[in-house]
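Data block below; observations after.
No value in this document is a laboratory result; all are computed from the given coordinates. Treat the numbers as computed from the prediction; the structure is a model and nothing was measured. Note that we place each Cβ from the backbone using ideal geometry, even for glycine, and neighbour counts take in every protein chain shown.
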Amino acid sequence: MKGIVFRSFESFVEANWSMDISDGMLSLPELRSGGAFTTVGYYPHTEFLTMAIYVAETTETPINLLVKRFGTALFHDLAGLHPEMVKSYASPIDLLAVIESVIHVDVRKLYTGTELPRFDVLSRDANTSIKLDYSSKRPFADLAEGLMWGCLDHYGVKETSSVMRDDVAADGTHSVFTVEVKHGDGAVDRH
Amino acid sequence: METARSTDIDGTLKRLERKLQRERLAREEAERLLEEKSSELYSLNGLLQTQVRDIEVLRHSIDMATDGIALTDGDGAFIYMNPAHAGMFAYTVEELLGQSWTILYGEAENERLGEIVFPRLQSEGTWRGETYGLSKTGFTIIQEIVLTLLPSGGLICATRDISARRKREIYARDLEGRLQKAEREAALFTLGNAVAHDFNNLIAAISGNAAMLKTALRNDFDNYHRVNQIEIATRQAANVIRSLNIERSNDTQNLAPIDLAELIQTGLQIAEAIKPKGIQVITDIPVEAEIISNEVVVTRCLLNIVKNAFEAMNGVGTVTLRVATTCSVMALADNVRTLATGVKREDPIWIVEITDTGSGVPENKLDHIFEDFFTTKPKLGGSGLGLQALRTLADSGNVFVEVETAENVGTRFRLSFYKDVLRADPSLPIRSLRTEGQSKPRAGLRILLVDDNALVGRMLEDALLQMKFLPDWINDPRAVLRLIESAKKPYDLIITDLSMPYIDGQNLSRQIRSIRPDLPIIIYSGQASLIEPSSIYAAILQKPIGMDALGVAIRNAVSKG
């Protein structure tokens, strides 16, 4: 897993809770990296899960909610680091539609050997809705959902949109997401 | 309280120290990764530069290739094309880029490609065949083409213009047909003329003797009448021979400009079918080499020389065809035997040399290779007319043929082509027997008679003696020049037959001219119709001829000499 995710999670914990919790998380003996993450390094995804479980337990926050919230924050961090990847697309539907065919292709060019989840477009209705099939070797459907909310937030339509999730696998490795951008009463799911 | 605050501060400091330590370790790790990535990028950059250079070389090679290469996108529009491809259709690259490939084909060919070729291309991924393209100027381009599907849905097209090759194949087939016809005609012509020649000699002997007998029987009316009937019958027999009208269409009269390089390449294409695998053919031919000759006769000669070379090498060796304005500097061997036909002159325009590494021509056979029906390989079915064609070529008057051969080293044929035909010498007027007036008989004139046929030779000698001339008859033309040069009293006239062994009457006449340009020459032959009037000859007489007419011809020849 890319180091940027770990550094972003560290900032997320410090910003939402405290340096104390962050310090405890990064001092966990299970972390073989010693908690010294760099954005350009690669680390086992199990270390992220270990840290997330620690924070969830320490702050008594449901882990799925914690990871979804982090996903939203992570999108903003990534958009800040690679603004050119985001500004090329006029709407969140446009961007979500090209995750697999364009964005992941570019990511693979930049980071050879990166293992990325798949986001296959099942259907799309102009700029109002899209159905995506998420699948990964890792159990990060919550993170994927959070990222989608982050995307909607980035385009300023979070309040009027919805993300519906249908888990194909219970362990978070395979889900179908339906994202609808509404211009009326707001989203169905407010995480 | 104070202690608790102190503990908090200590705890914060320790957390900050740990954070600082993690940041330091992270920075070191980042620097290590950066260095590793930098090194990797440096290597990749080197590799990329090499690949860019390779691609440039490849692109340049494709651009310079003589074969056409083009790429299309999935919609069939050209996205790359080398100049050879565009030039094949008389377009520029810029004119065709972005255009659909269908622009290069006519309606019917586009239909064929769409219905037959593309379905196969789609199912097999590649298609190889021939297509009929259409140039910008409306000409049909016969293409050999390989189409390959790209993963993108586009095509790679590699193509070659084979219009010239097809044209040459058609030309070769046509020439092959004409050669076979010429071979048959040559056989028929040569056989027919040999028979006619012998008959004419017999008739001439009978006719001449009858004429002399008539003089002796002037007072015996009955016998005079019978001998007169014999003479009339011989004239009728001579007319029958003439009416057979044995002519060859591909004779040496039909001279025209010939592209020598094209003709040799076509000839070699024909000869490829009989070339053993172990024999290599090397050519050294300039692009532009034009001669004036008869296309069929020259091709027959070259093909027969090459065919003989193949047979002389027993399956292994080299045949070298060289066309130049000078002879080869490299001698065939130290001790070569030679034979020649035709008249050697200065400054040939082109010299064709065909050299093989075969067994050479046997010593006892070399002198006969230009003779009719003579073959060194009867077991291989040789007709004996192949190299005889070389004599026919030499008779055309602007070719000199030489043969050099050395046993177990090889044979070299050298054909020297001249600009002008020897017989077309405008400086000397052509004299005709029929247009010249009578002149006084000149008894005592010395006449050299050349005829290999003893019956005719003796008859003529008798007749000339009766007419008060001084004839010498000789049956071997090879001795003529020596006789002329060594005669105590110079000859005033030569009367020669046409068809003789060793040297024919035309060649002999040219040789006599070279030592005695003033000496009148009369050709006396059963094949007189085959000879072009020329300044070399004072008269051309058809056998048999009456004694009176012969006498008139002699007097005219000498009076103008």
Exercise. Report ³J(HN,Hα) in whole Hz for each residue of the stretch B:339-350, in order, from the Karplus equation J = 6.51 cos²θ - 1.76 cosθ + 1.60 where θ = phi - 60°; Gly and Pro get x.
Key: 8, 9, 9, x, 10, 7, 10, 7, 6, x, 7, 9
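Over all distinct alpha-carbon pairs, what is the Kirkwood Rh of the stretch B:63-195 in angstrom? Walk me through the numbers on the way to the answer.
On the way: mean 1/r = 0.0590 Å⁻¹.
One over the average 1/r among Cα pairs gives 16.9 Å for the stretch B:63-195.
Evaluate the relative contact order of chain A (contact order divided by residue number), counting alpha-carbon pairs under 8 angstrom at least 6 apart; express in whole percent. Don't skip to the end; give the middle numbers.
Numbers: 285 pairs, mean separation 35.3, N = 191.
Computed value for chain A: 18 percent relative contact order.
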Quiz item: Within straight cross-link reach of B:Lys275, meaning Cα distance under 17 Å, which aspartates and glutamates are found once same-chain residues fewer than 8 apart are removed?
Solution: B:Glu176, B:Glu311, B:Asp356
Practice problem: Using Cα centres only, tell me the gap between the stretch A:137-162 and the stretch B:459-537 in whole Å. | Solution: 119
Practice problem: Work out the FRET efficiency for B:Leu465 and B:Asp367 from their Cβ-Cβ distance, taking R0 = 41 Å, and round it to the nearest 0.05. | Solution: 0.75
Quiz item: Short version: ³J(HN,Hα) in whole Hz for each residue of the stretch A:13-27, in order, from phi by Karplus 6.51 cos²θ - 1.76 cosθ + 1.60 (θ = phi - 60°), x for Gly and Pro, what are they?
Solution: 5, 5, 6, 8, 10, 7, 5, 4, 5, 4, 4, x, 4, 6, 9
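Can you check how the C-alpha radius of gyration of the stretch B:1-139 compares to 2.2 N^0.38 Å, as a plain ratio? The partial results should precede the final answer.
On the way: Rg = 32.5 Å, N = 139, 2.2 N^0.38 = 14.3 Å.
So the stretch B:1-139 has a normalised radius of gyration of 2.27.
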Practice problem: Please pull out the direction-averaged projected area of chain B, using the convex hull of its alpha-carbon atoms, in nm² to one decimal place. | Solution: 47.2
Quiz item: For the stretch A:10-91, what is the per residue volume of the convex hull drawn over the alpha-carbon atoms, in cubic angstrom?
Solution: 109
Quiz item: In nm, to one decimal, how far is the A:Asp125 label point from the A:Ala15 one, both placed 7 Å along Cα→Cβ?
Solution: 3.4
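Please state, to two decimals, what the Cα-based radius of gyration of the protein assembly as shown comes to when divided by 2.2 N^0.38 Å (N = residues). Write out the running numbers ahead of the final one.
Details: Rg = 51.3 Å, N = 752, 2.2 N^0.38 = 27.3 Å.
Ratio of Cα Rg to 2.2 N^0.38 Å: 1.88.
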Quiz item: How big is the Kirkwood radius of the stretch B:189-235, worked out from every pair of different alpha carbons and given in Å to one decimal?
Solution: 11.4
Quiz prompt | Förster-model FRET efficiency, 56 Å R0, B:Tyr132 and B:Asn223, C-beta, rounded to 0.05 | solution = 0.10
Quiz item: Using the Cβ atoms and a cut-off under 13 Å, what net charge is assigned to the surroundings of B:Ala273, where Lys and Arg are +1 and Asp and Glu are -1?
Solution: +1
Quiz prompt | Normalised convex hull volume, the stretch B:57-126, alpha-carbon set, Å³ per residue | solution = 101
Quiz item: So what is the relative contact order of chain B, in percent, for Cα pairs below 8 Å that sit 6 or more residues apart?
Solution: 10
Exercise. Could you work out how far apart the two model spin labels at B:Ser559 and B:Asp284 are, taking each label as a point 7 Å from the Cα in the direction of the beta carbon, and quote it in nm?
Key: 5.8
Self-check item: Built amide H within the under 5 Å cut-off of A:Thr173, gap 5+
Solution: none
Quiz item: Based on the Cα coordinates of the stretch B:125-238, what is the per residue volume of their convex hull in Å³?
Solution: 145
Exercise. Treating the Cα atoms of the stretch A:48-164 as identical point scatterers in vacuum, please give the log10 of the normalised Debye intensity I(q)/I(0) at q = 0.10, 0.17 Å⁻¹, two decimals.
Key: -0.31, -0.91
Quiz prompt | Cut-off 14 Å between beta-carbons: net charge of the residues surrounding B:Glu35, Lys and Arg +1, Asp and Glu -1 | solution = -2
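Computed over the Cα atoms of the stretch A:1-57, what is the ratio Rg over Rh, Rh following Kirkwood?
0.92
How much length, in nm to one decimal, is gained on full extension between B:Leu34 and B:Lys275, taken as 0.36 nm per residue of separation minus their Cα-Cα distance?
Working: separation 241, 0.36 × 241 = 86.76 nm, distance 6.91 nm.
Stretched fully, the B:Leu34-B:Lys275 segment lengthens by 79.9 nm.
Below 8 Å between Cα atoms, with a sequence gap of 6+, how large is the relative contact order for the stretch A:83-155 in percent? Intermediate values should be presented prior to the final figure.
Numbers: 56 pairs, mean separation 20.6, N = 73.
Reported relative contact order: 28 percent.
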Quiz item: Which FRET efficiency value, to the nearest 0.05, is calculated for B:Arg53 and B:Thr318 with the Förster distance at 35 angstrom and r the Cβ-Cβ distance?
Solution: 0.25
Quiz item: Rg to Rh for the stretch B:465-519: what is it, with Cα atoms only and Rh by Kirkwood?
Solution: 0.95
